[in-house]
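K.L.:
Questions regarding the structure given below will be posed in turn.
The values are calculated or read from the model by the stated rules, or taken from the named source; none is laboratory data. Model, not experiment: these values are computed from the prediction. Here the Cβ positions follow ideal geometry from the backbone for every residue, glycine too, while neighbour counts run over all protein chains shown. When the accessible area is computed, the model is the full protein with side chains, heavy atoms only, and any ligands, DNA or RNA have been set aside. Shrake-Rupley method; radii C 1.70, N 1.55, O 1.52, S 1.80 Å.
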Amino acid sequence: NHVIYTQSNDASIKNKGVNEAVSLIIALKQWNFDPEDIIVKITGRYAVLTNDFFKLIEQNPDADIFVRAFSDHDIYSGLFAMRYKYFMEVLENIDFDIMANRPIAFEHIFGNYVNDVKNKLKIVYLERVYDYLPICQSHR
């Protein structure tokens, strides 16, 4: 089964990134990923129509993260990929109490992580994520 309903969303939390992060932690732990596996995160508003993004990942087997960074502190969270061990490192170090009560964006948490590790990990920066949006057209 490739669908997991985490039943973890808390409607009382105003920061939807908290629910997203908690759901990701629960879901990712359901599978037996190798720490080196690349995890692709795509928002549910899109559907994969071609394999161009996956080809990019295959063509860069030594890369750890594939991301569109808007600044040193923000990434586009609709489509990115990173090794499982780094993905979980980000998620498991989120202070959910602070995030739930302050407008800290999911994109900002991941953006800060990417900025912190940019000299340690191999990162493929996407010049424009919209180059891949033909891959991921919104459902109509």
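K.L.:
Considering each of GLU107, GLU89 in turn, give the residue that is assigned to a helix (DSSP H, G or I) and in contact with a strand residue (DSSP E or B) (Cβ under 6 Å, 6 or more places away or on another chain).
P.N.:
GLU107
K.L.:
Going by the conditions given, is SER8 of a type in the set (Ser, Thr, Tyr) and in contact (Cβ under 8 Å) with a residue 24 or more places away in the chain?
P.N.:
no
K.L.:
Name the single residue, out of those in segment 29-55 being under 17 Å from PHE87 (Cα atoms) and of a type in the set (D, E, K, R), that is nearest to the chain's Cα centre (by Cα).
P.N.:
LYS41
K.L.:
Moving on to the next point. Could you please let me know if LEU79 is of a type in the set (A, V, I, L, M) and at pLDDT 85 or above?
P.N.:
Yes; evaluated as a whole, the condition is true for this residue.
K.L.:
Can you name every residue in segment 92-104 that is at pLDDT 90 or above and assigned to a helix (DSSP H, G or I)?
P.N.:
Once the filter is applied, which keeps residues that are at pLDDT 90 or above and assigned to a helix (DSSP H, G or I), segment 92-104 yields only GLU92.
K.L.:
Those residues that are surrounded by 11 or more Cβ atoms within 10 Å (Cβ to Cβ) and among the basic types (Lys, Arg), I need them from segment 15-54; list them, please.
P.N.:
Those that are surrounded by 11 or more Cβ atoms within 10 Å (Cβ to Cβ) and among the basic types (Lys, Arg): LYS16, LYS29, LYS41.
K.L.:
Can you work out which of the residues in segment 69-115 that are open to solvent by 60 Å² or more (accessible area, probe 1.4 Å) and among the basic types (Lys, Arg) is nearest to the chain's Cα centre (by Cα)?
P.N.:
Among them, the one singled out is LYS85.
K.L.:
Consider SER8 against the criteria (1) modelled with pLDDT under 85; (2) farther than 18 Å from ALA100 by Cα; (3) not in a strand (DSSP E or B): it satisfies all of them except one. Which criterion is unmet?
P.N.:
It is condition (2) that SER8 fails.
K.L.:
Another question, then. Identify all residues within segment 11-31 that are free of Cβ contacts under 8 Å to residues at least 60 places away in the same chain and not basic (Lys, Arg); write none if there are none.
P.N.:
Result: ALA11, SER12, ASN19, SER23, ILE26, ALA27, GLN30, TRP31.
K.L.:
Okay, next question. Considering only residues that are surrounded by 16 or more Cβ atoms within 10 Å (Cβ to Cβ) and modelled with pLDDT under 90, which ones fall in segment 116-132?
P.N.:
LEU126, VAL129, TYR132, listed by residue number.
K.L.:
Which residue pairs have Cβ atoms closer than 9 Å, lie 6 or more positions apart in sequence or on different chains, and pair a first residue in segment 32-48 that is part of a loop (DSSP other than H, G, I, E, B) with a second residue that is exposed (fewer than 11 other Cβ atoms within 10 Å of the Cβ)?
P.N.:
Pairs found: GLY44/HIS139; ARG45/SER138; ARG45/HIS139.
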